[in-house]
1. Determine which single condition A256 fails, assuming it passes every other condition in (1) surrounded by 18 or more Cβ atoms within 10 Å (Cβ to Cβ); (2) part of a helix (DSSP H, G or I).
2. Sort through L61, L46 and tell me the only one that's open to solvent by less than 20 Å² (accessible area, probe 1.4 Å) and within 30 Å of S90 (Cβ to Cβ).
3. Being within 32 Å of the chain's Cα centre (by Cα) and open to solvent by 20 Å² or more (accessible area, probe 1.4 Å) is true for just one of G187, G214, G168. Which residue is that?
4. Hey, R117 hits all of (1) open to solvent by 30 Å² or more (accessible area, probe 1.4 Å); (2) out of contact with any strand residue (DSSP E or B) (no Cβ under 9 Å at 6 or more places or on another chain) but one; which does it fall short on?
5. Being of a type in the set (G, A, S) and open to solvent by less than 40 Å² (accessible area, probe 1.4 Å) is the filter; apply it to the stretch 510-537 and report the residue that is nearest to N463 (Cα to Cα).
6. Kindly check whether there is at least one residue in the stretch 609-625 that is under 22 Å from A498 (Cα atoms), touching a Ser or Thr at 6+ places or on another chain (Cβ under 7 Å) and among the aromatic types (F, W, Y).
7. Scan the stretch 74-96 for residues that are touching a helix residue (DSSP H, G or I) at 6+ places or on another chain (Cβ under 6 Å) and either assigned to a strand (DSSP E or B) or closer than 19 Å to L114 by Cα (or both) and jot them down.
8. Please work out which residue is most open to solvent (accessible area, probe 1.4 Å), limiting yourself to the stretch 120-146 and to residues that are of a type in the set (D, E, K, R) and under 24 Å from L224 (Cβ atoms).
Amino acid sequence: MTTYFQDVVYALRALRNRPLYLCVTVLVLALAIGANTTVFSIFNGLFLRPLPYPDEGRLALIFNTYPKVGLDIAGISIPDYLDRREQARSLEELAIFTTDSRTLGGEGPPEQLLLTRASPSLFAVLKVAPFLGRVFAEDEAVPGNDNVAVVSHAFWNSRLGARSSAVGTDILLDGTSFRVVGVMPPGFGFPNRDIDLWIPFVFTPEQTGDDQRGMEYSTGVGRLLPGATVEGLNAEMAAIVSRNVELGRERGPGLADTGFTGRAEPMRDMVIGDAEPMLLILQAIVFAVLLIACANVANLQLARTAARRKELAVRAALGAGSGRLVRLVLVESLVLAVAGAAVGLALAYGGLELVRTLGLDRTRDGFDFVIDATVLGFTAGVTVLAAAASALFPLMALLREDIARAVHEAGRLAGGGRSAYGLRSALVVVQIAVSLALLVGAGLLTKSLYQLQREDAGFGMENVWTARVALPASGYTPGAVRFYERVLEELRALPGVAAAGFTTSLPFAGANPQGSYAIEGYVPADGVSEPHAQQRIVSEGYFPSLTIPLVMGRNFNATESERVAIVDELFVDRYFPSGNVLGRRVRNVLDPVNEWFTIVGVVPAVQHAGLAENVTKETIYWHYTQRPRLAGMLTLHSTLPPGQLTRAATDVIRRIDPGVPLTNVMSLEARVLASLGPQRAPMVLTLLFAAVAFVLAVVGVYGVLSSTVTQRVGEIGVRLALGAKAGDIVGMVLKQGGKLTALGLVAGVAGAVALGRAMSSQIYEVSPADPVVFAVSLIGLAAAALLASWLPARRASRIDPTRALREE
């Protein structure tokens, strides 16, 4: 251990005497290790860190699916929940929940709270005990005994003063008093951490009947029995559906044509979604950056080892064995890697902040991107790998050399000889190849995002202000329409407001209600399901506020004497390709009114979930006075910037009802931009990594040629003395650089093609072999490498022959 300590001390002392070499090497390693740590922290947060539930691998989200009508994920009804709780043998416990909002009353301005209505079994499924008090019991999930609440730790801190005596106090929600019976522990939030409280999900006798099948506004979460599988649970739910169909308990004559069944997915997989492929690609990219960094550092260390050949030869002459010499090089490499890792960790903290800024923060869903013990262990492994990889080629060159001859050749072979030059050249070729592949990958993602931003979403998003309003059921069940009429009338009168609208579902705002409907006179063919559409309830001002044009017919009027509807062009193309759609009638099959609505207008199809969305399902719009709703989104189109409308709109709401708050206030453009986070973040990160790789590759070309010129000063002096011109010398050096660059670019094209294919599912409207991206990357890297070659060539052409020969 004393010897190792001496080696470390010697390495530190030697590096202190070469500050430029030290700083460059540490910076290169820090960039690569920091990039790897950043991306792995995301991977760790999504896939490795445990969720705050015991045995979370046994948790599954349960929903209905209708794959044959394009509805892969639907809610579940209360009868579905009861069937599965009683008959699915793979389940240890099952709960049903739905999210909602209520207005917190009492002192101060009104505040909208997010809550979860859940069966009491939720806490048994999740196996999370309260921090204070208790959770609600089964006998509190019945009408008349359900005014109890369990609050989040954040709510307890911010609204209840973090007092233990808060358990047992009352809070006012939509004018109704609820008794606080418990406080959940810090960090707990289900289905997400935005939830403020949980109240019992109450079933009335009517809601448990078979006629409620199809009323799917909830989700199930279950805990599997030990040894049970999701696949087995899915088979059991399919069997339950089959039995219900045989017994005539399921609603809908064409149910089999929709592919209806129950489905379960592991909770982690369901929440994460399809983030894994892109994250694995990013991890591969940063590993490639590490490879380039190690190659660059190896080049620096080859030069460093060559400069130390005399010292190492003296050590060998004094009795140091090859193992001792190898250890000296390895220790110095490890010291540099550890220093790079320390700086890299600091960079990783900044990288995680950048990731959050770019829209990839998943804290709300329970996934924390932090540098924990697992990440530190990964960083330590990467550090050791970087140290070993960086030292590998210098050690190979060292062990191949005859160290004893180094004393006599030290001046003439300051660059380390032909073998060292060959290794350094090979490393430069690798750097150029990997750099080109990363540049192409970054170019594909950049062009993909550009294509996305050019997409016509079907609506205008500039200067559109949006906000959510939710009315309490206790005071507005019969009067919601009058409230929104007054609000919209006053909002339209605000200075600069050109249009004001209301909708139950706004594009890029999350919710996307859908349902089956009937067309008068249309009977689906055998094996074809009944029509299924996205459904919206809107005011007459909604279309003008989003500048959605009318393709045919008319807009809604402020008041309608007859029941009317507006459809989109997908509806027309699918069922009335001749265009003769005005005057035809439709109805919602689950609407208790069960009346026909006359189609009076046609609008374009609108993207709802994302700019990459391929809209394949038609949309039907109903007028808000004919199908009233308590909650929805307000939309204002204005000549003023959206941010200037919030205060005026808030004043309007307060004048009409001070107890109704505005929430989720945001411009429509900001909503659309936020939806691009999953595409924008990988693009920005890949661009950064590609830029680092590009710089390192170009510096590598310059370093090798510069070192070669230094090594060949005597030869160049002889050439010049014998009549060679400066241009000949420049051409000689450029030829060397061009050869390295050409080899790297050829290998890089193959790597870029492979990377493009791997990224094909992550890019939009861009070919994985896009010629423009490839051409720009090739030309850019080739030009930079040529410039890096020209600088040493220019220096070589200016060598003084007399001085060079004298030094030789």
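1. (1)
2. Working: L61 fails: open to solvent by less than 20 Å² (accessible area, probe 1.4 Å).
Result: L46 is the single residue among L61, L46 that is open to solvent by less than 20 Å² (accessible area, probe 1.4 Å) and within 30 Å of S90 (Cβ to Cβ).
3. G187
4. (2)
5. Looking at the filtered set, the residue picked out is A533.
6. Quick first cut of the stretch 609-625, residues under 22 Å from A498 (Cα atoms) only: 621, 623-625.
With touching a Ser or Thr at 6+ places or on another chain (Cβ under 7 Å) added as a condition, the list becomes 624-625.
Imposing the further condition that a residue be among the aromatic types (F, W, Y) reduces the set to 624.
There is at least one residue in the stretch 609-625 that is under 22 Å from A498 (Cα atoms), touching a Ser or Thr at 6+ places or on another chain (Cβ under 7 Å) and among the aromatic types (F, W, Y).
7. E93, L94, A95, I96
8. Selected residue: E138.
The values are calculated or read from the model by the stated rules, or taken from the named source; none is laboratory data. Because the structure is a prediction, the values reported are computed rather than measured. Note that we place each Cβ from the backbone using ideal geometry, even for glycine, and neighbour counts take in every protein chain shown. Accessible surface is based on the protein model in full, side chains and every heavy atom, while ligands, DNA and RNA are left aside. Shrake-Rupley method; radii C 1.70, N 1.55, O 1.52, S 1.80 Å.
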